[in-house]
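Peer 1: Here you go, one structure.
The values are calculated or read from the model by the stated rules, or taken from the named source; none is laboratory data. It should be emphasised that the depicted structure is a prediction, and the values quoted were computed from it without experimental measurement. Virtual Cβ from ideal backbone geometry, glycine too; neighbours counted across all protein chains shown. Accessible surface areas use protein heavy atoms only, side chains included; no ligands, DNA or RNA. Shrake-Rupley method; radii C 1.70, N 1.55, O 1.52, S 1.80 Å.
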Amino acid sequence: MTVCYDLRFPELFRILAIKGATVISLPAAFTKITGEAHWEILIRARAIENQVFMVAAGQVGVHPEGKESWGHSMIVDPWGEILAQVEEDGPAFCTADLDFHLQAEVRDKLPSLANRQAAAYTWPEEAGVR
């Protein structure tokens, strides 16, 4: 499980995938401005690059100080296809069947997780660089 702002840190999702995650949930309260611009793109990117299902629950509504949450909950498969999505502005939910055979097929035909070169991701402090 990840939350909201975590969506902007792809390395977290990669770590989860390497450690065996097949589904990652993401409850979030993206603002209307950032949600409209980035929500779908980032969820689909995290699903594709990590070959995981993304189950993203977006808070919706107007909050104190006039802030508005984007909503638009969605479920995305490892190929980046949107399986289900809430498109209304009010409270709602979406559901989808997760096809783990498809996930295995994606990971087999495009083995980017298996082909990852761990040594290329050494942190600068570990390499003696400051």
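Peer 1: So which of Ala84, Ala119, Ala104 is small (Gly, Ala, Ser) and outside any helix (DSSP H, G or I)?
Peer 2: One residue alone meets the criteria, Ala84.
Peer 1: Still on this structure, please answer the following. Do we find a residue being open to solvent by 60 Å² or more (accessible area, probe 1.4 Å) and either of a type outside the set (D, E, K, R) or at positive phi (or both) anywhere in the stretch 67-78?
Peer 2: No, because not a single residue in the stretch 67-78 is open to solvent by 60 Å² or more (accessible area, probe 1.4 Å) and either of a type outside the set (D, E, K, R) or at positive phi (or both).
Peer 1: Could you please find all residues in the stretch 1-32 being in contact (Cβ under 8 Å) with a residue 24 or more places away in the chain and in a helix (DSSP H, G or I)?
Peer 2: Those that are in contact (Cβ under 8 Å) with a residue 24 or more places away in the chain and in a helix (DSSP H, G or I): Cys4, Leu7, Arg8, Pro10, Phe13, Arg14, Leu16, Ala17, Ile18, Lys32.
Peer 1: Going through Ala56, Ala114, Ala47, Ala92 one at a time, which residue ends up being open to solvent by 80 Å² or more (accessible area, probe 1.4 Å) and either among the small types (Gly, Ala, Ser) or in a strand (DSSP E or B) (or both)?
Peer 2: The unique qualifying residue is Ala114.
Peer 1: Looking only at residues in the stretch 1-47 that are touching a Phe, Trp or Tyr at 6+ places or on another chain (Cβ under 8 Å) and aromatic (Phe, Trp, Tyr), which one is nearest to Glu81 (Cα to Cα)?
Peer 2: Residue satisfying both the conditions and the ranking: Trp39.
Peer 1: Just need a number here: residues in the stretch 33-48 that are in contact with a His (Cβ under 7 Å, 6 or more places away or on another chain) and either free of Cβ contacts under 8 Å to residues at least 24 places away in the same chain or among the aromatic types (Phe, Trp, Tyr) (or both).
Peer 2: Matching residues across the stretch 33-48 total 1.
Peer 1: Same structure again: When you scan the stretch 10-17, do you find a residue that is over 26 Å from Tyr121 (Cβ atoms), modelled with pLDDT of 95 or more and of a type outside the set (A, V, I, L, M), even just one?
Peer 2: For the stretch 10-17, residues over 26 Å from Tyr121 (Cβ atoms), modelled with pLDDT of 95 or more and of a type outside the set (A, V, I, L, M): absent.
Peer 1: Has the stretch 79-89 got any residue that is within 9 Å of the chain's Cα centre (by Cα) and not hydroxyl-bearing (Ser, Thr, Tyr)?
Peer 2: no
Peer 1: Every residue in the stretch 1-27 that is farther than 24 Å from Leu113 by Cβ and among the hydrophobic types (A, V, I, L, M, F, W, C), please.
Peer 2: Answer for the stretch 1-27, where residues must be farther than 24 Å from Leu113 by Cβ and among the hydrophobic types (A, V, I, L, M, F, W, C): just Cys4.
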